[in-house]
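Asks: Before I ask anything, let me first share the structure, which is written out below as structure tokens.
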Amino acid sequence: MGPYHRLVREEEEEKRFDQEAGPLAKKLEEGVREIRQEAETTWSLTSSELRDVERLQPQPATVNTEKIKQLSTLPGLLEDTFVVGLLQAEEQQVPVATRTVHQWQYRTNRDSLAPICELIHQLENQGVISKTHSPFNSPIWPVQKSDGGWRLTVDYHGLNEVTPPLSAAVPDMLELQYELELKAAKWYATIDIANAFFSIPLAAECRPQFAFMWWGVQYSWN
């Protein structure tokens with residue numbers, strides 16, 4: 001087969017291919033066009049729905065700068081976080097110990113010495129504790145906080161063993177949780193009252209048994 005005949009044959013094959021593939025290519029092109037139109041329509045609807053959703057979303061509350069200014073003028077709001085304050089409430093009565101318990105102070109972490117001294121000094125200046133002389137004594141147990149600071153606690157295990165139990169009306173936390181769920185409120189808030197334990201007044205006749213000692217000086221809670 002010469003070059004001329006080969007060229008003629010190739011042209012005939014191309015024509016036959018165009019005739020056979022033409023309708024298929026046309027259908028394919030129409031299918032692509034339909035898919036593109038459907039995608040554009042779907043995107044248009046999705047965008048509209050998104051706008052509706054955004055419209056229904058709760059908007060952030062507008063900050064009332066005037067109210068913030070009023071809050072900042074409240075007395076004691078910006079004071080030291082360690083400031084305790086004393087509750088204007090009836091002095092609390094606790095069961096009297098059946099016998100005297102006197103435990104000496106054991107060794108504590110050296111890093112806690114200066115911070116605990118400062119805490120005791122602050123509590124005494126605020127009227128939370130005062131110097132005393134009592135046959136009772138319980139050891140201090142300094143506890144380090146997660147932020148590196150120190151918390152003043154007293155180990156009253158020995159005192160608890162000789163003190164009659166007190167049946168206090170303590171709320172059931174699970175019942176409180178169920179009650180909150182039934183109310184179906186939109187917002188919940190918690191308040192962490194700093195140093196609340198220190199602010200509760202103790203009856204004078206109950207104070208001696210809560211005595212503790214630090215660096216040779218004995219104190220008791222007021």
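Asks: Each residue of segment 134-140 in order: what ³J(HN,Hα) in whole Hz does its phi give by Karplus 6.51 cos²θ - 1.76 cosθ + 1.60, θ = phi - 60°, with x for Gly and Pro?
Replies: Whole-Hz 3J(HN,Hα) from phi for segment 134-140: 9, x, 7, 6, 10, x, 7.
Asks: Considering Cα pairs under 8 angstrom that are at least six residues apart, work out the relative contact order of segment 106-222 and quote it in whole percent.
Replies: Averaging sequence separation for qualifying contacts and normalising by length gives 38 percent for segment 106-222.
Asks: Something else about it: Karplus couplings for segment 203-219 from phi (6.51 cos²θ - 1.76 cosθ + 1.60, θ = phi - 60°), rounded to Hz, Gly and Pro as x?
Replies: Working through the residues one at a time gives 4, 4, 5, 9, 5, x, 6, 9, 5, 9, 10, 9, 6, x, 10, 9, 10 Hz.
Asks: Could you list I140, I200 in order of exposure, starting from the residue whose Cβ has the fewest other Cβ atoms within 10 Å?
Replies: With the sparsest Cβ surroundings first, the list reads I200, I140.
Asks: What distance in nm separates the simple spin-label points at R151 and L166, each placed 7 Å from Cα in the Cβ direction?
Replies: 1.9
Asks: Where does each of F212, F197, F136 land when they are ranked from fewest to most other beta-carbon atoms within 10 angstrom?
Replies: Going from sparsest to densest Cβ surroundings: F197, F136, F212.
Asks: Amide H neighbours of Q218 under 5 Å, counting only residues 5+ apart in sequence or on other chains, H built in-plane at 1.01 Å?
Replies: Counting only residues 5 or more places away or on other chains, the set is T132.
Asks: Let me ask you something else. Taking the Cβ of each residue in R107, R33 as the centre, tally the other Cβ atoms inside 10 Å and list the residues starting with the fewest.
Replies: By the 10 Å Cβ count, ascending, the order reads R107, R33.
Asks: Between E91 and Y188, how many nm apart are label points set 7 Å from Cα along the C-beta direction?
Replies: In this crude label model, E91 to Y188 measures out at 4.0 nm.
Asks: For N137, list long-range residues whose amide hydrogen, built 1.01 Å from N in the peptide plane, is under 5 Å from its own amide hydrogen.
Replies: The list, which skips near neighbours in sequence, is V101, H102, Q103.
Values quoted throughout were computed directly from the atomic coordinates according to the rules given, and no laboratory measurement underlies them. The model shown is predicted, which means the values in this text are computed figures rather than measured ones. So basically every Cβ, Gly included, is an ideal-geometry build from the backbone, and we count neighbours across all protein chains shown.
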